[in-house]
Amino acid sequence: MMTLSPLRINQERLRQNFQSLAQIGATTNGGVTRLALSMDDLEARAWFANTVEEAGLMVRDDEVANLSGVLLSRTPHAKTLLIGSHLDTVVNGGKYDGAVGVLCALECLRTIKEAGIALPVHLEAVNFTDEEGTWISLLGSRGIVGKLPLKQLYMKSNGAFQAALVRAGIELEGFIRAKRDPNTLLAYLELHIEQGARLEREHVPIGIVQNIVGRSNFVLTYRGKSGHSGTTEYQDRRDALQGAAQFVIGAHQHIRQRYENAIVNCGQLEVVNGAYNLIPSHVIMGFECRHTDPSVLQQLESDLLQWAEACAEAHRLTVSVQQNERMEAAVMDARIQQIVMDICDQSDLRFLPLVSYAGHDAQMLSQITPSAMIFIPCQAGISHNPQEFAKWEDVVTGANVLLQTILQIALHGLDER
Ligand SMILES: [Zn+2]
C-alpha cells in the first residue's frame, strides 16, 4: 500500500515572511522594538492583515485589537481552533519571541488551504494584543477570556495609554465585547521559542509544555527615618534600606532552602531621601515570585510577606504591601500533549515535557478552552534580547509539528480521547 507523505509547510515562504516582519521596528543592534499599539506594532499589524488577505484568508479583528487570519470551514456550526501568539515585543527584544508562533500559525493555514483539505472546524491564526505588557500583560487574551482588570485599565486610561488606544482605533468601553463564547472554541495551540536552555542542552527539537508557572508581584514600601549619617547613633537609626536589603538576601536564601522550583526576584529598588551621608527614610521595592503549584505559590507569598515584616521589625521600620498582579498557574491539556507526543514519535523527533517559567497567552486561553504549547529550542536560552536566536531548521520542525497537531485535532476532535 502506498503511504502518503505527510503535509509540510512552505519553509521558503515562512522564511520570507519572518524576514519581512523582523524589519518592522528593527533596531540597529539586530533586535526589534514593537511595543504594543505603538506605530511599529500598528505597522506590523497592517503587514499581517495584508499577508492574510494575500493568502486568500479572512481578516478578523476584535474590540481589544486582536488580529487574525481565518480559514473558514463550510461545516454548519463549526467551532474554531485558535492558533496564535503575539507580534508585539519588549523594548529591544528579539525577532523570534511571539513572531514565530503567529507566522507559523498563518503558514499552517495557508498550507492546509492550498492542499484543498476541507476541515469541519474554522482555523484562526491570531495575533494577541500586548502579550508583553507594555500596558497590561496578556491584554488581548484576557479580553477573549473575559478576564480584563477593568479597574486597573481605567486607572491607566489617560495620557499615553489613551493616545495608544486612539492610535489603534479601539476604545476601553468596547473591550468587554472581545469576550468569546467558550462553546464556539475547540482548542488553542501556541508554538513558541523556549526562552530557556533545556531543549538546546539536551539536543531535543520539541518541547511539550505541561504547565505554565503562576506568578504574583508586589510592591513593598519600607518606612524608617531620615537622619545624619555621621551623628545619628546606631541604636537610633531606622534605616529603610537596611530592611529592604535584608529582605532581598533573605528571600533568595529562604526559597532555595525551603522550596523546590520556586522563583523569587527583586529587581526594582527606589531609595527615597537617602544619600551617601543621609540615612534613607523610605525604600520602595518591587518583587515577584513564581511557582507552578497554586497552593505552593500561596504559601510562598505568605512566607515572603512574613519575612518582609520580620525585616521591618529588625530595623524598627514599618512595611506596607501592595499586590499588583496575580496570574494563576495553568495546566496544558493532556490530550493535546499526547497528540503532540504521538506526532513526534511518528516523525522520529525527540521531545521533552517541560514547565514554562514564562507567562504566555496560552495561560489565559486555558481557562476557557483546552490549550497546549509546543516549544522549540532557542540559543543559550537568550530571549527578550537582540541576541535571541533559533535555528531555522528548528523553526521549520516546530511549524510542521504544529501543522500535524492542527490536522489531528481538526479532523478527529478531542472528545473521544
Ligand atoms: Zn512571547
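Laboratory data are not the source of any read-out in this text; all were calculated from the coordinates shown. Since the model is a prediction, treat every value here as computed from it, not as a measurement. Every residue, glycine among them, receives a Cβ derived from its backbone with ideal geometry; neighbour counts consider all protein chains shown.
All Cα-Cα distances of the range 8-114, cut into 10 Å bins from zero to the largest, leave 14, 48, 29, 8, 1 percent in each bin in turn. Label-to-label distance for residue 392 and residue 39 is 3.2 nm, based on points extended 7 Å past Cα in the beta-carbon direction. Projecting the Cα atoms of 359, 19, 150 onto the charge dipole of the chain, computed from C-beta unit charges around the Cα centre, puts 150 farthest toward the positive end.
For helix 294-314, report the angle its Cα long axis makes with the longest principal axis of the Cα atoms of the chain; keep it between 0 and 90° and round to the nearest 10°. The two axes meet at around 20 degrees.
Working from Cα pairs under 8 Å separated by at least six residues, relative contact order for the chain is 22 percent. Among the listed pairs 95/391; 113/179; 79/113; 79/151, those whose Cα-Cα separation exceeds 23 Å are 113/179; 79/151. Among 69, 196, 101, which one moves the most in a GNM of the chain with springs linking Cα atoms closer than 10 Å? Fluctuation is largest for 196. A DSSP coil position with no more than 14 other Cβ atoms inside 10 Å describes the following GluC sites (Glu not before Pro) in the range 241-328: 260.
Against the empirical 2.2 N^0.38 Å (N residues), the chain has a Cα radius of gyration ratio of 1.09.
For the pair residue 183 and residue 415 in one chain, pulling the backbone fully straight at 0.36 nm per residue adds 82.2 nm over the alpha carbon distance. Here, the range 214-327 has an Rg and a Dmax of 14.9, 50 Å when only alpha carbons are counted. With both labels modelled 7 Å from their Cα along Cα-to-Cβ, the residue 77 to residue 321 distance reads 5.0 nm.
Relative to the Cα centre, the charge distribution of the range 289-410, modelled as +1 at Lys and Arg Cβ and -1 at Asp and Glu Cβ, gives a dipole magnitude of about 80 debye.
Here the range 264-381 has an Rg and Dmax of 20.9, 68 Å, counting Cα atoms alone.
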